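These notes are about the structure you will find just below.
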Amino acid sequence: MTTTALNTTTPVVAFDQVSKSYGSVRAVDGLTLALHPGETVALLGPNGAGKSTTLDLLLGLKQPDSGTVGLFGTDPRSAIVAGRVGAMLQSGGLMDEVTVAELVRLACDLHPRPYKVADVLSRAGVTQIADRKVDKLSGGQAQRVRFALATAGDSDLIVLDEPTTGMDVTTRQAFWATMREQAAQGRTVLFATHYLEEADAIADRVLVLHRGRLLADGTAAEIKAKAGVRRISFDLADGTVDESVLRDLPFLTTLAVSGRTVRIQSSDADATVHALYGLGLYPLGLEVTGLGLEQAFVAITTAEEARTS
C-alpha cells in the first residue's frame with residue numbers, strides 16, 4: 001500500500017478559532033488545533049464535550065458559525081472528494097438488503113484510489129461474513145464493516161468515532177494492530193473513544209475536550225502530569241481510623257476508606273505523606289503512584305467544572 005506524497009509542512013487538519021452553537025448551547029468554542037502526518041490522536045471528553053460536533057465539522061457534515069476548518073490545506077469537501085479521508089462514524093447507517101461484500105465493493109468503486117475488495121475484507125476481518133446480509137450482522141460485526149468502508153481506499157486521514165464499540169477483546173486488539181500499521185505508513189489516525197485505556201495504549205497524542213474547548217493536548221504521559229495529582233494507598237496497622245482526621249490532611253483531593261485500607265489522591269503527595277506521619281499514624285505498604293489516564297481525565301475535567309461553576 002502506498003500513500004499520496006504529503007507536504008509535512010501543511011497540517012493534515014487545521015482548526016482556527018472554530019465555534020459552533022445549537023441554539024443557546026455552544027458545542028464547539030473557539031477550537032484551535034492542528035494534526036500532522038503519521039500521528040495517532042485520541043479525542044477524549046465527557047458526554048456533551050463537543051467530540052461528535054468536532055468530527056462533523058472536520059468532515060464537512062456541519063459548517064462552523066465562525067472560524068475555519070482545513071484539511072490538507074484545502075476545505076473538507078475538496079479533500080474528501082479527492083479520497084484523502086476515510087471515516088467511520090457511530091451515526092453512520094449501513095444499507096439493508098445487500099451483502100457485506102457488495103457494500104464493500106461499492107465503497108471501493110467510489111474511492112478515487114481503491115484497494116482490492118478482497119484485501120479490504122481481510123484487513124477488516126469480515127471475509128468470513130462477506131456473503132451475509134448487512135442487516136443480519138451483530139453490533140461488533142457491523143463496526144468491522146464500517147471500518148472496511150473507512151479503509152476501502154488509500155486515504156491519508158482516517159477518522160474513527162467510537163470505533164471499537166461492540167467489539168470483543170480479540171477483535172479490538174486486531175483492529176488496533178491494523179491502525180498501528182496505518183499510522184506507520186504515514187497516515188494520520190484520529191479517533192474519539194470512551195475507552196480511555198485504548199487512548200493510553202494506542203495514541204501518541206491525546207486531546208481533551210470539555211464544553212467545546214480544548215483543555216489539554218499532549219502525550220498520555222503529559223496529560224497525566226497535567227492533572228497534578230498522585231495516588232497514595234496504604235493499610236493501617238490497627239485497622240481503625242477516624243476519617244475526619246484523614247480529611248484534614250493537606251492537599252487532599254479525594255479519600256476512600258475500605259476497612260483498614262486507605263486510598264487518597266493528593267495534589268502534593270510529599271506534603272500529604274509527611275502530615276500523615278505527623279498524625280502519629282503508621283501506614284503499612286505505603287504506595288505513591290501517578291494517576292492513570294482515566295483518573296487524570298476525571299481530575300482535569302472536574303477541576304474545570306469547579307473553575308467555571
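The values are calculated or read from the model by the stated rules, or taken from the named source; none is laboratory data. The model shown is predicted, which means the values in this text are computed figures rather than measured ones. A quick note on method: Cβ atoms are made from the backbone with ideal geometry, for glycine too, and the neighbour counts reach across all protein chains shown. Just the protein is used for accessible areas: all its heavy atoms, side chains included, with ligands, DNA and RNA removed. Shrake-Rupley method; radii C 1.70, N 1.55, O 1.52, S 1.80 Å.
Its relative contact order, with pairs defined as Cα atoms under 8 Å and 6+ residues apart, puts the chain at 19 percent. Does anything in region 169-185 have its amide N under 16 Å from the 7 Å Cα→Cβ label point of Q128, and if so which residues? What the label zone holds, given the 16 Å backbone N cut-off, is 169-175. Considering only V273, V18, V85, the mean-square fluctuation computed in a Gaussian network model of the chain, springs between alpha carbons under 10 angstrom, is largest for V273. Specify the residue with the greatest mean-square fluctuation among A203, A299, A174, computed from a Gaussian network of the chain linking alpha-carbon atoms under 10 Å apart. Highest fluctuation of the listed residues: A174. Dividing the Cα radius of gyration of region 1-111 by 2.2 N^0.38 Å, with N the residue count, gives 1.20. Expressed as a whole percentage, what fraction of the accessible surface of the chain belongs to carbon and sulfur atoms when a 1.4 Å probe is rolled over the protein heavy atoms? Within the chain, the accessible surface is 50 percent carbon and sulfur. Among the listed options (i) 1.19; (ii) 1.06; (iii) 1.44, the one matching Cα Rg over 2.2 N^0.38 Å as calculated from these coordinates is (i). Orientation-averaged projection of region 70-183 equals 6.8 nm² [convex hull of Cα atoms, one quarter of hull surface area].
Counting only protein heavy atoms and using a 1.4 Å probe, the accessible area of H36 comes to about 80 Å².
Accessible surface for the chain, divided over its residues, is 47 Å² per residue with a 1.4 Å probe.
Cross-link partners of K51 among lysines, defined as those whose alpha carbon lies under 19 angstrom from its own and excluding same-chain residues fewer than eight positions apart: K20, K62.
Between H274 and Q90, the contour length at 0.36 nm per residue exceeds the Cα-Cα span by 61.4 nm. For the chain, find the longest principal axis of its Cα atoms and tell me its angle to the long axis of helix 100-110, 0 to 90°, nearest 10. Roughly 70 degrees, rounded to the nearest 10.
Label zone of S138 (point 7 Å out along Cα→Cβ, amide N under 16 Å): in region 192-214 this covers no residue at all. Per-residue extension of 0.36 nm, minus the Cα-Cα distance of D248 and A184, leaves a gain of 18.0 nm for this segment. In a fully extended conformation the segment linking T308 and T74 would gain 80.7 nm over its present Cα-Cα distance, using 0.36 nm per residue.
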